[in-house]
Amino acid sequence: QIKDSATSTRDVLEQHFSDLKGTLKKLLDERLMCLLQEVDVIEQESIKPLDECQKLIEHGVSTANDLLREGESAVDGDVGQQNEKLCNFTKKALHIQLDSLPEVPSLVDVPCLSAQLDDCLLTILKNQIFRHGTVASRPPVQLEEFVEKPGGILVRWCKVDDDFLAQDYRLQYRKGTASHFEDVYVGSETEFMVLHLDPHVDYQFRVCARGDGRQEWSPWSVPQSGRTTLVPHEWTTGLEGYSLSSRRNIALRNDSQSCGVLYSKAPTYFCGQTLTFRQTVGQPDRRDSLGVCVEQRNGDDSLQRDKAVCISTNGAVFVNGKEMTNQLPAVTSGSTVTFDMEVVQLGPCSNEGGNFKLRVTISSNNREVVFDWVLDQCCGSLYFGCSFSYPGWKVLVF
């Protein structure tokens, strides 16, 4: 573990600083190009009026030279031609202004370019670079517990660095020896139910955290393997009033007028486990039910019957068809209803039945009721079920 993590850390550091050097070179090249372009623009804009002034002066000097040569020719010519040449020379001289110059920019208005480079940038970069990056000898959070669930695993983690103030956690997993981890949860809780896992298959998990007010994530925890041996809960197919998801763990009460109890595909709930329903609500009815039962029974329109315990959507609790005095809050959208059971008395089992007592805890909206459920037969596993009179109800079971 130490050698593997050290090798991985070296690779990460080398790759990061290699990328950083490439990015810094690119930024410096871009800044240099920008400054050189500024020099070009200032040079071109400043030199243009001076070039025009120089052209005017050169043109005036050239004209004066031509006139001078013409005057010399008029003086040196024949007497007969002198009058005509002198006349032309005089006319031309009157039209040429030899005593004026174009306006020349003053010296203070002429740009003189220079590069202003502040050496404090190197000091700032040096200080930032020397503080950039840290090497942690251990991550601030570690995986703590894996709890088997039907078709899933409840993953719990904890902080191992008391000085680390965690704002968010990030849980990832991968199947077997897959090469890449994928995010499964990001949030502030310290546990998460990972669903849709195949039974008897190893999965690897890891978790990291983000400090309060920080953007970067901490190092990953040591990856750990977990598996579930419990088959996923599934609703049974074929009941006209309900539509199921592809994994058959979500049931939607559709618009069909047909009513009845939708049961689980098999008796997959065992004592000692937690059975959880999470629902989206529709119009409630007093005969609605969510619960567990000993056996499937066709013809019933609710689990409010014998050999079943359930909660109605208005919060009423029924045991073997009888309503209890204690009542839970009404079921709301996004809330969960959980059933926990444990054997408290196991009487002699025979063909005629026996005294079998289960301690049942039903929880809903941070309230719970606890009671003993007496059965006349031993039950190693139980069915779960639901019934709704009106469409719009959707129930996820896990």
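What's the magnitude of the charge dipole for the chain around its Cα centre, counting Lys and Arg as +1 and Asp and Glu as -1 at the beta-carbon? Answer in Debye, nearest 20.
Values: 40 positive and 55 negative charges, 516 e Å.
My answer is approximately 2480 debye.
Would you mind telling me the share, in percent, of accessible area of the chain contributed by carbon and sulfur at probe 1.4 angstrom? Spell out each step's value before the answer.
Values: 12800 of 24950 Å².
The value for the chain is 51 percent carbon and sulfur by accessible area.
For region 141-228, what does the alpha-carbon gyration tensor say about shape, rounded, prolate or oblate, given a ≥ b ≥ c as the root eigenvalues, a/c under 1.5 as rounded, and a/b over b/c as prolate?
Prolate.
Could you please put 26, 92 in sequence from largest to smallest accessible area, using a 1.4 Å probe?
26, 92
Compute the distance in nm between two label points, each set 7 Å from the Cα along the Cα-to-Cβ direction, one at residue 366 and one at residue 64.
10.0 nm
Accessible area, 1.4 Å probe, largest first: how do 12, 160 sort? Before the final figure, lay out each step's value.
Values: 12 90, 160 50 Å².
Heavy-atom accessible area, descending, gives 12, 160.
List every residue whose amide H lies under 5 Å from the amide H of residue 393, counting only residues 5 or more places away in sequence or on a different chain, with H placed 1.01 Å from N in the peptide plane.
Counting only residues 5 or more places away or on other chains, the set is 253, 282.
Computed from the mean reciprocal separation of all distinct C-alpha pairs, what Kirkwood hydrodynamic radius does region 242-397 have, in Å?
Computed over region 242-397, the radius equals 15.7 Å.
List, in order, the whole-Hz ³J(HN,Hα) value for each residue of region 168-176 obtained from phi through the Karplus relation with A = 6.51, B = -1.76, C = 1.60 and θ = phi - 60°; use x for Gly and Pro.
The phi angles translate into 9, 10, 9, 9, 10, 8, 8, 8, x Hz.
Determine how large the accessible area of residue 138 is when every protein chain is in place; take a 1.4 Å probe and give Å² rounded to the nearest 10.
Surface accessible to solvent at residue 138 totals approximately 140 Å².
For residue 138 and residue 193, what is the calculated FRET efficiency with R₀ set at 35 Å and r taken between the beta-carbons, to the nearest 0.05?
So the FRET efficiency works out to roughly 0.85.
Between residue 8 and residue 314, with labels modelled 7 Å along Cα→Cβ, what's the label distance in nm to one decimal, could you check?
Roughly 5.6 nm, to one decimal.
Please calculate how many Å² of accessible area region 242-397 carries per residue, with a 1.4 Å probe and no DNA, RNA or ligand atoms counted.
46 Å²
Using all C-alpha to C-alpha distances in the chain, build P(r) with 20 Å bins and read off the rounded percent in each one.
Pairs per bin, as whole percents: 18, 29, 17, 12, 10, 8, 5, 1, 0.
So how do 390, 383, 269 rank on accessible area, 1.4 Å probe, biggest first, that is with the largest at the start?
390, 383, 269
Modelled label-to-label distance, residue 183 and residue 231, 7 Å Cα→beta-carbon offset: nm?
3.5 nm
For region 227-265 and region 1-26, what is the separation of their Cα centres, given in Å?
Centre-to-centre distance over Cα atoms comes out at 50 Å.
How large is ³J(HN,Hα) for each residue in region 378-395, as worked out from phi by the Karplus curve 6.51 cos²θ - 1.76 cosθ + 1.60 (θ = phi - 60°), to whole Hz, x for Gly and Pro?
Calculated HN-Hα couplings, in order: 6, 10, x, 8, 10, 8, 10, x, 8, 8, 9, 7, 10, x, x, 6, 9, 10 Hz.
Residue 180: accessible area at probe 1.4 Å, nearest 10 Å²?
140 Å²
Hey, what number do you get for the chain at 222 nm if only DSSP H runs of n ≥ 4 count, each worth -39500 (n - 2.57), divided across all residues, to the nearest 500?
For the chain, the value works out to -9500 deg cm²/dmol.
Determine ³J(HN,Hα), in whole Hz, for all residues of region 367-374 in sequence, where each value follows from phi through the Karplus function 6.51 cos²θ - 1.76 cosθ + 1.60 and θ = phi - 60°; x replaces Gly and Pro.
Rounded to whole hertz, the list is 10, 8, 10, 10, 7, 9, 10, 9.
Out of the GluC sites (Glu not before Pro) in region 1-77, which ones are loop residues according to DSSP with at most 11 other C-beta atoms within 10 Å? Spell out each step's value before the answer.
Numbers: sites: 14, 30, 38, 43, 45, 52, 58, 70, 72; in loops: none.
Nothing satisfies the criteria.
What accessible area, in Å² to the nearest ten, does a 1.4 Å probe give for residue 193?
My reading of the accessible area for residue 193 is about 40 Å².
Find the accessible area per residue for region 1-131; the probe is 1.4 Å, ligands and nucleic acids are left out, and the unit is Å².
Per-residue accessible area for region 1-131 comes out at 89 Å².
The values are calculated or read from the model by the stated rules, or taken from the named source; none is laboratory data. Quantities reported herein were computed from a predicted structural model and do not represent experimental measurements. Cβ coordinates were reconstructed from backbone atoms using ideal geometry, including for glycine residues, and neighbour counts include every protein chain displayed. Keep in mind that these areas ignore ligands, DNA and RNA; they rest on the heavy atoms of the full protein, side chains included. Shrake-Rupley method; radii C 1.70, N 1.55, O 1.52, S 1.80 Å.
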